[in-house]
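Only one structure is covered here, and it is reproduced in the block below.
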Amino acid sequence: MPEVLTPEKLSTFTVSLIGNPNVGKTTIFNRLTGLRQKVGNYPGVTVDKRYASLKMGDQNATIIDLPGTYSIYPNSEDEVIVHRVLNGLDKTSKPDFVLAVVDMSSMERGLFLVTQIMDLGLPMAVVLNMSDTAEEQGIKVKAHQLYKALGVPVIQTNARSNKGINGITDLISQQMFEKPVPFLDTDQLLPGDLSAKICERFSLENSYQAYQLIRFHDKEPILSQEDNEWLGREVGEADFDIKSIQLKETQDRYAAIQQVLEMVVEKTDIKKKRLTDKLDKVFLHKIGGYAIFLGILLLIFQAVFAWSAVPMDLIDGFFASLSASVSGLLPEGVLTDLITEGIIPGIGGIVIFIPQIALLFAFLGILEDTGYMSRVVFLMDRIMRPFGLNGKSVVPLISGIACAIPGIMASRNIGNWKDRLITIMVTPLMSCSARLPVYVILIGIAVPATNIGPFNLQALVMLGMYLLGVVAVLVTAWILKLVLQFNERSYLMVEMPLFRLPRWKDVVITMYSKSKTFVFEAGKVILAISIVLWVLATYGPSSAREEAMAAVEVPADGAAEEAMLEYQHNLESAELESSYIGIAGRFIEPAIRPLGYDWKIGIALITSFAAREVFVSTMATLYSVGSEVEDELTIQEKLKSEVNPKTGEAVFNLATAISLMVFYAFAMQCMSTLAVVYRETKGWKWPVIQTIYMTALAYVSAFIAYQLFS
Amino acid sequence: MTTADTIKIGEKAKILKILPSELTLNLMEMGFLPGKHISLLQRAPLKDPMAFRLENTVIALRKSEAQLIEVILEN
């Protein structure tokens, strides 16, 4: 009989959702938590922790969505997290209860994971999800029998149609989880005295937990070196082959599950061909499959560039006029300047991305949700392999169009390290949405909006920038494949779930929560930089300042209004040039002169090392600092009218603009990406190599571009 | 010895065993177990990877992984 939990209910508790990939875990999570979701990080790694707090009566429940996994033996980074959480290695996220989700139509595999959790001894309940597809395939499960066999509560649901969700809510609010008796006799796995010793040292509850610790101690960054060495010594002394034990455990477990399934599952053979199989004939077709994929990519691009242009223009205009009206309302002074020239343009520079990012996340969400993404993996694997990439690299690379950070994080489900490392190293070369405003502004300035045949020249150049990124990805990956020497087997095992219609509510939730995270994370950095920038652009060493101002020629008394205006402009220019940031820009000018840049662009290069989108706000700041705000010119128009005071020519000609775009396409100008690469590769080696190669690539390519076009 | 990479589209086979390799456990965790029936649904262009039907799931494997699955053809 199952051991019943203490009747004393916890007033605050944590429930972890766990299950195989594609069993509807996230749907259940969304149904339970709605828009309350938050995203955090697990200590020491960047795997997203999606969680939400629910108030149920006088209790506070935190629901955590864990990455999908087939077993608690980790093969990929995602699975390491599951392993760590379930084994209580990470004290801050140890769940009080586990809600294990099983796909009713593949019970065997689901129960494999469930029974492993049972053996760990965690209080749990089982959700049998996707009852609709199971029924279509002639599968019936006697839930009560299953309950009797496992000794933990079992609920049948169909989360897509909301069936059974109330049952889950009740189960959670009443804390009806039960601590199971072990499913297998795991005491036989390890020598008894060894597991006793381990249990004592790490205060573990049973031999299965001890066994888990042994199996993975050397991959676990949370363990101290001392503990690690101790484990290594003990295991060495006991002398046994952990791999063959694990193989035996796997076989025994499946055999035991088979016995349970014979009692609880009824199958009727349904000959009907599944709709998914028919659709796969189309979506995986030799030629048609790729045509569809290409079409979908084009649709995404169209959406990101064309559809989002309208809200983006509105946002841009809004911030320009906000700046103007605020400066009219507030009294003149340093603080007002900071607000209108530093903070408002800074915030505007990030808010303007929201439409694009939200759209991209929505599309990615739909592709994932319908089951199409794994078809792309299937289609692309063989093509990506010669480049040292993997079918699964397609997902990080496509996400990289939105932002390299979720892209790099999505590489975690690539099982082998070499493929994954190469993917991480090249993903930032995909043209992310932060580059888009840079491209948009520069193309608008330098490329005429004429048509070549049916195509708009500006659009073609934009497409060219994206293709340039893709080519750079492939070439760099290929070089890395030749350079990196790892003795590791590259493999691909990916389940292709049933095709389904997207659940729009879930898409909206994902879009909302991901965009929110992105905007706030990036926003903090950008706002801080905008303020620092404004300060550096406003102040400078006083002696240099006076000297520069004095050098400006004062027009004679009674000069024409035009001359007075020019004087004013030259004065402001001199002021900026002698500011701290002007000095920095001047300092690097010799290095960037061959690329066609002046010192003002130099300033933008320096500040946008932190984040590319800062280019726009830097330009906004630099040029608002130089002139009055009330003319409400948007950034593009301001830059277009910028003239080199010495030569009288436009600063942004075609060669400079193209060179600058190429520079922004390749340079590693994103501190957040570097931070993520650091965390994902667990050291500074790879992010440093990445920064060096990308910057070199950017410099050389921009130089070539400038020479070609000037 | 027949391995799963030689199955033709539409053909059915029964898994005899998973050959020893570092991927043996991964394959078993995914549900490739002795006694199970598999069939080949699709091959990607360039014949690789292959999409196998395993009971109610479809799993894509590369040829090199399919070579680890020893099978006996059934029709």
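The values are calculated or read from the model by the stated rules, or taken from the named source; none is laboratory data. Fair warning: this is a prediction, and the values are worked out from it, not measured in the lab. Every residue, glycine among them, receives a Cβ derived from its backbone with ideal geometry; neighbour counts consider all protein chains shown. For the accessible areas, the whole protein counts, side chains as well, though only heavy atoms, and no ligand, DNA or RNA atoms are used. Shrake-Rupley method; radii C 1.70, N 1.55, O 1.52, S 1.80 Å.
Cβ-Cβ distances below 6 Å connect the following pairs, each with a first residue in the range A:137-164 that is under 17 Å from A:E262 (Cβ atoms) and in the same structural domain as A:L17 (by the TED database), a second residue that is buried (at least 18 other Cβ atoms within 10 Å of the Cβ) and of a type in the set (G, A, S), and a separation of six or more residues or different chains: A:I139/A:S105. Starting from the range A:313-342, take each residue that is over 17 Å from A:K638 (Cβ atoms) and list its partners that are open to solvent by 40 Å² or more (accessible area, probe 1.4 Å) and not in a helix (DSSP H, G or I), counting only C-beta distances under 6 angstrom and pairs at least six apart or across chains. Listed pairs, sorted by first residue: A:T336/A:L330. How about the range A:161-185: which of its residues are more than 30 Å from A:D252 (Cβ to Cβ) and open to solvent by 70 Å² or more (accessible area, probe 1.4 Å)? Within the range A:161-185, A:S161, A:N162, A:K163, A:N166, A:D170, A:Q174 qualify.
Count of the range A:414-458 residues, restricted to those that are part of a loop (DSSP other than H, G, I, E, B) and in contact (Cβ under 8 Å) with a residue 24 or more places away in the chain, is 9.
Of all the listed residues (A:S515, A:S573), the sole one being within 30 Å of A:R50 (Cβ to Cβ), in a helix (DSSP H, G or I), open to solvent by less than 60 Å² (accessible area, probe 1.4 Å) and touching a residue at least 12 places away in the same chain (Cβ under 8 Å) is A:S515. Scanning the range A:87-105 for residues that are within 14 Å of chain B (Cβ to nearest Cβ) and open to solvent by 20 Å² or more (accessible area, probe 1.4 Å) yields a total of 0. Taking the criterion of being free of Cβ contacts under 8 Å to residues at least 12 places away in the same chain, open to solvent by 40 Å² or more (accessible area, probe 1.4 Å) and more than 10 Å from chain B (Cβ to nearest Cβ), the residues of the range A:273-296 that qualify are A:K273, A:K278, A:V282, A:A291, A:I292, A:L294. Of all the listed residues (A:G453, A:G464, A:G391, A:G415), the sole one being open to solvent by 20 Å² or more (accessible area, probe 1.4 Å), touching a Phe, Trp or Tyr at 6+ places or on another chain (Cβ under 9 Å) and small (G, A, S) is A:G415.
The condition of being surrounded by fewer than 22 Cβ atoms within 10 Å (Cβ to Cβ) and under 14 Å from A:K179 (Cα atoms) holds for A:G151. Looking only at residues of the range B:35-75 that are hydroxyl-bearing (S, T, Y) and over 10 Å from the mean Cα position of the chain (by Cα), we find that the one that is farthest from B:K14 (Cα to Cα) is B:S64. Restricted to chain B, the set of strands (runs of 3 or more DSSP E) holding at least 2 residues that are facing chain A (nearest Cβ under 10 Å) comprises B:37-43, B:50-54, B:57-61. Only one entry in A:L213, A:L204, A:L190 is modelled with pLDDT under 85, in the same structural domain as A:K94 (by the TED database), open to solvent by less than 30 Å² (accessible area, probe 1.4 Å) and not in a helix (DSSP H, G or I), namely A:L190. Determine, yes or no, whether A:A584 is assigned to a helix (DSSP H, G or I) and at pLDDT 85 or above. Yes, satisfied.
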